[in-house]
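Take a look at the structure below.
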Amino acid sequence: MEKEGDKSAFVRRHYESLGYRVHSGLQFGCDFVLYADSPEAVHSDFCVYIIGNDGFIDWREIQTLTRSMPDFHKTLIVVQVKGESIKELAMGTEHAPFRNRPVPKAVGSQVKPKRRRNWKRNNRSDEVINLVFAALEQTLIDVLPSVTLSDNESQLMSVPIPATNSGDVSLDSSTFSVREWLREKHPKQHAMLSQFEMQLRIGRLTSADQADGRLALTLRTVEILKNIIGSTRWKSPAQLLALVRVFGKEADAAGGFREPAIGNIIRRVLAAIREEVLSGTIAPEESNYLDTSKSSSSRGRSSLESMLWSLPQHVKAVPARTGGPKDHQRRNTRSESLGSVGDIMEQQTIKDYNCNLPPIFFQPARSDLKQSIMEAIQEITSELEDLHKTINDQAKNHIHSGEVILTYGKSDSVLEFLKTAADKKLRFTVIVCEGAKRNGQYEGHEMARLLAEVPTEDGNVVEDTCVIPDSAIFAMMARVNKVLLPAHAVLANGGLVSASGSNLVALAAAENAVPVVCLTGIYKLTPIFPHEGQDTLNDLLNPNSIMDYASSQQHGTVDFVNPLHDYVRPDHIKLFVTNVGSFQPSYIYRLLSEYYHQDDWAPF
């Protein structure tokens, strides 16, 4: 039984004899899937992977299949055929270990929902059920007029504010409920969000070929947030936070994880919402903490209690209790210490996102809150639009006449920075490393051409420009005065995620004591720690750009890896030049606490 087709047919007959219905597993990356009943009634329980004639298993493929099985709710079975015998190995925890015996009881329990046949009768029943629940909800609102805090996030976000229509869809914290709420109440915003997510899924906005369009993608994200916040009818700050977080969660699931700037700008907006809410009028619950001798003029100013509530690491969440106002006050009390980094990291593990929100977030929004938030978002937009200008204004402070500057690959930020220095009548030499090959040409070649041939607004070009191969980086580093690198993301520990090959440049610079300066916008500041090392925020590209398939077959079993990014340690970075100033890597944690709220650091 040497042929693959005969082997597959033998395995198929084997599992059919055990009572399974065998179908192709191509969509799951395996040979077969096994159904315990009709595919129209149940989902498949097992994926079967057949080992080839050589008897070897690619551990990468097995690792990929094993890690994807829990998402598919299946168990992986590795099968080896020897002569007329079959050896099996079950890998996974979705079901009990596989045996050569009739179908176990647990198998086949993933029953598919039955299709509705009488649509009129079922739709009518749904209407009756919706009316009953609406009446029950209105009864609960009359009995419980005040908002109570709870450990359940879904109860927190469904704020009991009387609706104008008993059939309204409530804004809940779950993705499905927010989707339904947008579809019914705001179809235009729902369509805009769906189109944005679809473009992220197909990679049209985050592909490696569009690295220079990250600023435009970030601006588009801000415009979508502005449209959603300004045009939707949310009723409390807690509902608004849920709406924005669900947008971030869906954007990240659709492919936004490839571009961390999307999540960064959403966290920035979340921090702006919190700040605007806490800087407003004093909530009725907060007045119990303050002296009763407050004048009416002081109610419009931020109170000490509001500032304390704005730091969630200073607050301990206590389980909700039933009772009067005194019990309500005890639900959130200030901790005895000011907290530390350990306290901040502990906050990230809290499952209930809103357990530390002050009571003011569950009150009806004040009349000017939306306008204040929109003004804060407009400030973010203006900052992004002037990003390159503010960074380029610092060129004269970092580049001097007679210096030799080395850069890697192609970057709009570095290109504009060097051209601005040329407009200042500074004479310097630029060495460009050719970098990776994209779209049939090396990025460093295009970067050198833009520097030497394309003039600036004042008609200046960087005449002294040369290109070197990556193999000559270490040899040339002794002649270099400064290294300029772009950024894909700046991590929480001060590390840098940049184009593949940047770590090679940083290591050579560290060996020769050459300072490495990173040019980046503050919107690339990402509250993620590099726990995965070089795999942090990284992706693997098709190796065809560095080696075509026909040539790779001549090298036998050599693996070709084509990573998109490199991680550079913070001790190899001298300075970050941003649109808000220049900072050392050790100062990044301060910028994180300034621009992002610590409860929003966790991934979406």
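Restricting VAL461, VAL432 to those that are touching a residue at least 24 places away in the same chain (Cβ under 8 Å), under 16 Å from VAL480 (Cα atoms) and of a type outside the set (Gly, Ala, Ser) reduces the list to VAL432.
In the stretch 519-545, what count of residues is obtained for those that are small (Gly, Ala, Ser) and either under 13 Å from the mean Cα position of the chain (by Cα) or not in a helix (DSSP H, G or I) (or both)? Working first, answer last.
Filtering the stretch 519-545 down to residues small (Gly, Ala, Ser) leaves 521, 533, 545.
Add one more test, that the residue is either under 13 Å from the mean Cα position of the chain (by Cα) or not in a helix (DSSP H, G or I) (or both), and what stays is 521.
Of the residues in that region, 1 qualify.
For the stretch 571-604, a tally of residues being closer than 18 Å to TYR408 by Cα and either under 23 Å from the mean Cα position of the chain (by Cα) or open to solvent by 60 Å² or more (accessible area, probe 1.4 Å) (or both) returns 2. Only one of the numbered conditions (1) at pLDDT below 85; (2) closer than 30 Å to GLN441 by Cα; (3) hydroxyl-bearing (Ser, Thr, Tyr); (4) buried (at least 17 other Cβ atoms within 10 Å of the Cβ) is not met by THR218, and that is (1). Only residues that are β-branched (Val, Ile, Thr) and open to solvent by 10 Å² or more (accessible area, probe 1.4 Å) were counted in the stretch 488-516, giving 1.
Return the residue satisfying two criteria in turn: it lies in the stretch 543-583 and is under 30 Å from GLY440 (Cβ atoms) and among the acidic types (Asp, Glu), and of such residues it is modelled with the lowest pLDDT.
Of everything passing the filter in the stretch 543-583, ASP548 is modelled with the lowest pLDDT.
Whenever a residue of the stretch 54-72 is under 13 Å from GLY29 (Cα atoms), its partners that are in a helix (DSSP H, G or I), lying with C-beta atoms within less than 9 angstrom and at least six residues away or across chains, give the pairs LEU65/PHE28; SER68/PHE28; MET69/PHE28; PHE72/PHE28.
Return yes when SER586 is outside any helix (DSSP H, G or I), out of contact with any helix residue (DSSP H, G or I) (no Cβ under 6 Å at 6 or more places or on another chain) and on the phi < 0 side of the Ramachandran plot and no when it is not. Answer is no for this residue.
Please verify whether ALA422 is in contact with an Asp or Glu (Cβ under 9 Å, 6 or more places away or on another chain), under 20 Å from ASP464 (Cβ atoms) and free of Cβ contacts under 8 Å to residues at least 24 places away in the same chain, treating the condition exactly as stated. It is false that ALA422 is in contact with an Asp or Glu (Cβ under 9 Å, 6 or more places away or on another chain), under 20 Å from ASP464 (Cβ atoms) and free of Cβ contacts under 8 Å to residues at least 24 places away in the same chain.
The combined condition, being open to solvent by 40 Å² or more (accessible area, probe 1.4 Å) and under 19 Å from TYR408 (Cα atoms), is fulfilled by SER545. If you go through the stretch 221-241 and keep only what is within 16 Å of the chain's Cα centre (by Cα) and not β-branched (Val, Ile, Thr), you end up with just LEU225. Report, by residue number, each residue of the stretch 589-604 that is part of a helix (DSSP H, G or I) and touching a strand residue (DSSP E or B) at 6+ places or on another chain (Cβ under 9 Å). Residues satisfying the conditions are ARG590, LEU591, LEU592, TYR595. Beta carbons closer than 7 Å, at least 6 apart along the sequence or on distinct chains, pair a first residue in the stretch 502-517 that is on the phi < 0 side of the Ramachandran plot and touching a residue at least 60 places away in the same chain (Cβ under 8 Å) with a second that is hydroxyl-bearing (Ser, Thr, Tyr) and surrounded by 21 or more Cβ atoms within 10 Å (Cβ to Cβ) for SER502/TYR408; ASN503/TYR567; VAL505/TYR408. One residue stands out among those in the stretch 232-242 that are of a type in the set (S, T, N, Q) and farther than 16 Å from SER194 by Cα: the one that is least open to solvent (accessible area, probe 1.4 Å), which is SER236. Counting the residues of the stretch 17-45 that are outside any loop (DSSP other than H, G, I, E, B) and either farther than 19 Å from LYS82 by Cα or open to solvent by less than 20 Å² (accessible area, probe 1.4 Å) (or both) gives 12.
Per the listing VAL11, VAL79, VAL48, the residue uniquely in contact (Cβ under 8 Å) with a residue 60 or more places away in the chain, surrounded by 11 or more Cβ atoms within 10 Å (Cβ to Cβ), in contact with an Asp or Glu (Cβ under 6 Å, 6 or more places away or on another chain) and closer than 30 Å to THR557 by Cβ is VAL79. Determine whether the stretch 469-477 contains at least one residue that is under 17 Å from GLU443 (Cα atoms), of a type in the set (S, T, N, Q), in contact (Cβ under 8 Å) with a residue 12 or more places away in the chain and in a helix (DSSP H, G or I). No, the conditions are met nowhere in the stretch 469-477.
The values are calculated or read from the model by the stated rules, or taken from the named source; none is laboratory data. Just so we're clear, the structure is a prediction, and the values are computed from it rather than from any experiment. Positions of Cβ are backbone-derived with ideal geometry, glycine not excepted, and every protein chain shown enters the neighbour counts. These accessible areas exclude ligands, DNA and RNA; they are computed on the full protein's heavy atoms, side chains included. Shrake-Rupley method; radii C 1.70, N 1.55, O 1.52, S 1.80 Å.
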